[in-house]
Amino acid sequence: MTAVPRSKGMRVVHLPARTPYAWKLQSRDFRILNGTEIPSGETVPTTVSADWLLEHGPLTWLDVLHLHHIDFEDVATLERLLDACLGYGVNVVFTAHDTRPMVGKAEGFVERLRLLRSAEVSWVCLTEGSVTKLTEILGERPNAAVIPHGYVAAPESLADLERESRGLGARYLMFGASRASRDQLSTMANWSLGIADPHSALHVLLRAFSPADFTDGGSAAPLLEMAGRDPRIRLTMRPYPTDEEVIRAGLAADALLLPYLWGSHSGQLELAFDLNLLPVCSLTGHLPEQYERHKGLVEEPEWFDWSQGHPNLFGEKFLTTLEKAATRLDSKPRRLDREFLDYRAQEHRTILDDYARVYGGDR
């Protein structure tokens, strides 16, 4: 089968495409097909699956399949999809967002990584540290381009915006899905009991709960109970928080709480840089590398290190860091940094150019 020629306007399907990371990859050199109608008359789902793609062959209506989170795909189905893409000349690109599974077991995740490695798809990593870690896991270095995460809040969307004026107390934000990789419950408890300032506030913006959040040791019920005990804590729930909703919440805050138990990188950390929020962040994965990339342009996070010591000390470490952050927040006003946002716009153009090269088969 003859490969599809690479040219401007490459047709890209993201699997899946609901994340801000996928949707910011908009360029004249390629276009996203998720959410659009294809020649068959059907619309490619935003949360497209491997099964859906296999049911809508031949795959002559796309040029590039961009894989993001492979944890959700059955290995055999993923292998069939890779074979179909090879047969129709579809270039497959895999962005390794994580170096350990967000769902499922480690062995299944490694099996998927090995499958992608053997299929010789084009890899992208967000940090050099991720390449090193994946090399340890696979036993050989993947042929990966390193393309940083980049912004979450598009600089142009912030052009006419500014942070809401702060009142008497510092404002804290925590958002996202209830995942095993994040410690939301004890973070709320420590904030509530450790921050005595009656004027301080914590906004927790949540993604909709699933039944699992209330069963099998899920944290939803105690989290709701904790919020009800402190009038300074405000819970907001959205089906899937949009960029606009997250940005609005960030502009009404001064600090972003990032209580990761583990993780490879953080889009939330990048959002804190975008909005000039003080990140109160666990020292995990390759988050320090994300900061080092912008060192001198952004404020260093207030780190707490959970990598050493007994887990019973986690709360103590977090609360000590939170107290330091409160002092920093009282030291100066926090406005959007227009110079950094100009840098972000330039960085994004480079990211798009790098992806265009990868999409076109140039690693």
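The values are calculated or read from the model by the stated rules, or taken from the named source; none is laboratory data. If you're wondering where the values come from, they're calculated on a predicted model, not measured in any experiment. All Cβ positions, even for glycine, are placed from backbone atoms using ideal geometry, and neighbour counts span all protein chains on display. SASA here: full protein model, heavy atoms, side chains in, ligands and nucleic acids out. Shrake-Rupley method; radii C 1.70, N 1.55, O 1.52, S 1.80 Å.
Screening Ala345 on (1) surrounded by 18 or more Cβ atoms within 10 Å (Cβ to Cβ); (2) touching a Pro at 6+ places or on another chain (Cβ under 9 Å); (3) not charged (D, E, K, R) shows it passes everything except condition (1).
Pick out, from segment 1-106, the strands (runs of 3 or more DSSP E) lying fully within it that include 1 or more residues that are more than 30 Å from Glu136 (Cβ to Cβ) and open to solvent by 50 Å² or more (accessible area, probe 1.4 Å). In segment 1-106, the matching strands (runs of 3 or more DSSP E) lie at 10-15, 30-32. Apart from one condition, Phe214 fits all of (1) surrounded by 15 or more Cβ atoms within 10 Å (Cβ to Cβ); (2) of a type in the set (Phe, Trp, Tyr); (3) over 23 Å from the mean Cα position of the chain (by Cα); the exception is (1).
Residues in segment 107-124 that are among the polar types (S, T, N, Q) and assigned to a strand (DSSP E or B): 1 in all. Kindly indicate whether any position in segment 143-150 is farther than 15 Å from Tyr355 by Cα and in contact (Cβ under 8 Å) with a residue 40 or more places away in the chain. Within segment 143-150, none of the residues are farther than 15 Å from Tyr355 by Cα and in contact (Cβ under 8 Å) with a residue 40 or more places away in the chain. Report yes if Tyr291 is without any contact (Cβ under 8 Å) to a residue 40 or more places away in the chain and open to solvent by less than 50 Å² (accessible area, probe 1.4 Å), otherwise no. The answer is yes for Tyr291.
When restricted to residues that are in contact (Cβ under 8 Å) with a residue 60 or more places away in the chain and either surrounded by 16 or more Cβ atoms within 10 Å (Cβ to Cβ) or out of contact with any helix residue (DSSP H, G or I) (no Cβ under 8 Å at 6 or more places or on another chain) (or both), segment 294-324 contains 5. Listed by first and then second residue, the pairs with beta-carbon distance under 7 Å, at least 6 apart or on different chains, first residue in segment 337-355 and on the phi < 0 side of the Ramachandran plot, second among the β-branched types (Val, Ile, Thr) and buried (at least 16 other Cβ atoms within 10 Å of the Cβ), are Phe340/Val298; Ile351/Ile147; Asp354/Ile147; Tyr355/Ile147. Given the options Thr46, Thr77, name the one that is more than 21 Å from Gly361 (Cβ to Cβ) and in contact with a Lys or Arg (Cβ under 6 Å, 6 or more places away or on another chain). After applying the criteria, what remains is Thr46. Is segment 260-276 home to any residue that is over 27 Å from Gln346 (Cα atoms) and buried (at least 23 other Cβ atoms within 10 Å of the Cβ)? There is no residue in segment 260-276 that is over 27 Å from Gln346 (Cα atoms) and buried (at least 23 other Cβ atoms within 10 Å of the Cβ).
Test Gly285 against the criterion of being in contact (Cβ under 8 Å) with a residue 40 or more places away in the chain and either in contact with a His (Cβ under 7 Å, 6 or more places away or on another chain) or surrounded by 22 or more Cβ atoms within 10 Å (Cβ to Cβ) (or both), and give yes or no. So Gly285 passes the test.
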